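See below for the structure under consideration.
Values quoted throughout were computed directly from the atomic coordinates according to the rules given, and no laboratory measurement underlies them. Keep in mind that this is a model prediction, so the values were computed, not measured. Positions of Cβ are backbone-derived with ideal geometry, glycine not excepted, and every protein chain shown enters the neighbour counts.
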Amino acid sequence: MPLPAAGNRITADLLAALANNSLQFIGSAQTTATIGMTTTAQDLTGTSLTFTTTYPSTKMTIWACYDIDMQSAGASVIFVGTCLVDGTGQAGEAHQTVVRSTCFQEWITTLASSGSHTVKLQGKVTSGTTGQTQGTHTKWHALVFGP
C-alpha cells in the first residue's frame, strides 16, 4: 500500500499496512566467466547497476561477495575488492590471500542527492597478475532505505 500523499490524513487502515515504497532491493552479478586482475583497479564486468532515488540523504547498505582464484599465488599477493557509489570509492575493502575463496564486505553509505545513482564493484591484486574473479559468483546486493 502506498504512503498517503503530502497533506493527506493517515487513516487507521494505513497505519496497519506495510508501505511498499519505503525500500528498494537492488543487486547485480558479474557476467564474464573470469576477469584477470592486475595491480590497477578495474571494473568487474556486469556489476554496474544504475537506479533512482526520490529523496536526498537516502541511506543504503551494500553487501558484496567476491569469488577469487589466486592461481597458486603466494601470501604476498593480496586481492583487493572495492565498491564505488557514483564514482566514489567506499571506505573498506575485501581482502584475500589464499588460493581460492569467497570473501565478503559490507558498505553503509548515504546518497546525498536524489535522482540517478550507480553502484559497481572493482578489483585488483597488490602485485603480479596471478588473480582472477569468477563469473556469476562475484556479486552484490543492496537495500536502499527509501523510494
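Remark: pairs (first residue in segment 111-124, over 16 Å from SER57 (Cα atoms) and free of Cβ contacts under 8 Å to residues at least 40 places away in the same chain; second residue in a loop (DSSP other than H, G, I, E, B) and among the polar types (S, T, N, Q); Cβ separation under 8 Å; 6+ apart in sequence or on different chains) are absent. Considering each residue of segment 40-64, count those that are surrounded by 13 or more Cβ atoms within 10 Å (Cβ to Cβ) and either over 13 Å from GLN122 (Cα atoms) or touching a Ser or Thr at 6+ places or on another chain (Cβ under 9 Å) (or both), and give that number. Summing the residues that are surrounded by 13 or more Cβ atoms within 10 Å (Cβ to Cβ) and either over 13 Å from GLN122 (Cα atoms) or touching a Ser or Thr at 6+ places or on another chain (Cβ under 9 Å) (or both) in segment 40-64 gives 15.
Among the numbered conditions (1) without any contact (Cβ under 8 Å) to a residue 40 or more places away in the chain; (2) crowded, with 16+ Cβ neighbours inside 10 Å; (3) within 27 Å of SER22 (Cα to Cα); (4) touching a His at 6+ places or on another chain (Cβ under 8 Å), the only one that LEU84 does not meet is (4). Scanning segment 23-55 for residues that are aliphatic (A, V, I, L, M), more than 12 Å from the chain's Cα centre (by Cα) and not in a loop (DSSP other than H, G, I, E, B) yields a count of 1.
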